[in-house]
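Presented below is the structure to which this report refers.
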Amino acid sequence: MAARSRSAKKKTASSRKKSPRSRKTSARPTGGISVGDITAALRRLKLSDAANVLIEGRRKDLEALVQANRTAYEGLQALVKRRTELLKDAIGEWQSVARMVNVAGPAASLAKAQELAKGTFQTSLENIRELAELMATSQAAAFEIVRERIRENVEEVRELLKSG
C-alpha cells in the first residue's frame with residue numbers, strides 16, 4: 001500500500017512538471033508581469049465604460065510611479081556623481097598641500113595649512129548646501145509627477161460622477 005501511494009505521488013509530481021501553466025511561467029522573463037500585459041488582458045474583458053476609465057486611471061498611476069522613481073534615481077545618481085567630483089577636488093587640494101610642505105619651510109607650511117583649513121571649511125559648507133539643493137530639486141521633481149497624477153485622478157473621478 002505504501003508503494004502504491006509513493007507511485008501516485010511521483011505521478012502527481014511529474015504531471016505538475018508537465019502542466020502548461022508551469023511551462024508558461026518558466027518561459028516568462030524574471031521581471032514578472034508588465035503593465036502592458038495587464039492592460040492588454042483587461043482590454044480583452046468586456047467591461048463598462050466606467051470600469052475602463054478606472055482601469056486606465058490605475059495604468060496611468062503605475063506609469064506615474066515608475067516615472068517618479070526614475071526621476072528620484074536619476075537625482076541620486078547626479079548626487080553621487082557630484083559628491084565624487086567634490087571628493088576628487090578635495091584630495092587634489094590636500095595633495096598639493098603635501099607637496100608644498102616638502103618644498104616650503106615649517107613656518108610657511110603651518111601658515112598655509114591654516115589658510116587651507118579655513119578654505120576647506122568654507123568649501124565644505126558650500127558643498128553641503130549644493131548637495132542639499134540638488135537632492136531637494138530631485139525630490140521635488142519626483143513629487144511633482146505624483147502630485148500631477150493625483151490631480152488627474154481627482155478630475156477623472158469628477159468626470160465619472162458627472163456622467164454617472
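The values are calculated or read from the model by the stated rules, or taken from the named source; none is laboratory data. Keep in mind the model is a prediction, meaning the values are calculated, not measured. Here the Cβ is made from the backbone with ideal geometry for all residues, glycine too, and neighbour counts use every protein chain on show.
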*Could you say whether any residue in segment 106-126 is part of a helix (DSSP H, G or I), touching a Phe, Trp or Tyr at 6+ places or on another chain (Cβ under 9 Å) and modelled with pLDDT under 90?*
yes
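In segment 98-129, what residues are within 18 Å of R83 (Cβ to Cβ) and among the charged types (D, E, K, R)?
Pass one, segment 98-129, residues within 18 Å of R83 (Cβ to Cβ): 120-129.
Those that are within 18 Å of R83 (Cβ to Cβ) and among the charged types (D, E, K, R): E126, R129.
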*Which condition number in (1) more than 19 Å from the chain's Cα centre (by Cα); (2) farther than 30 Å from A132 by Cα; (3) of a type outside the set (D, E, K, R); (4) modelled with pLDDT of 60 or more is the one that S34 fails?*
(1)
*When you go through (1) loosely packed, with under 15 Cβ neighbours inside 10 Å; (2) touching a Gly at 6+ places or on another chain (Cβ under 9 Å) one by one for V154, which number turns out not to apply?*
(2)
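If I filter segment 56-75 for residues that are within 30 Å of S34 (Cα to Cα) and loosely packed, with under 12 Cβ neighbours inside 10 Å, do I get at least one hit?
Our first condition is that a residue be within 30 Å of S34 (Cα to Cα); within segment 56-75, this holds for 56-75.
Checking which are loosely packed, with under 12 Cβ neighbours inside 10 Å leaves us with none.
Checked segment 56-75: no residue is within 30 Å of S34 (Cα to Cα) and loosely packed, with under 12 Cβ neighbours inside 10 Å.
Among the residues that make up segment 86-103, is at least one of them of a type in the set (K, R) and closer than 30 Å to V35 by Cβ?
no
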*Within segment 42-70, restricting attention to residues that are of a type in the set (S, T, N, Q) and more than 18 Å from the chain's Cα centre (by Cα), which residue is modelled with the highest pLDDT?*
N52
*Residue under evaluation S7, criteria (1) at pLDDT 85 or above; (2) over 21 Å from E156 (Cβ atoms), criterion not met*: (1)
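Filter segment 125-164 for residues that are among the β-branched types (V, I, T) and without any contact (Cβ under 8 Å) to a residue 40 or more places away in the chain; which is farthest from A90 (Cα to Cα)?
Within segment 125-164, the first condition is being among the β-branched types (V, I, T), and the residues that meet it are 128, 137, 145-146, 150, 154, 157.
Restricting the remaining residues to those that are without any contact (Cβ under 8 Å) to a residue 40 or more places away in the chain gives 128, 150, 154, 157.
On the way: I128: 13, I150: 43, V154: 50, V157: 54 Å.
Step by step, filter segment 125-164, then rank; the result is V157.
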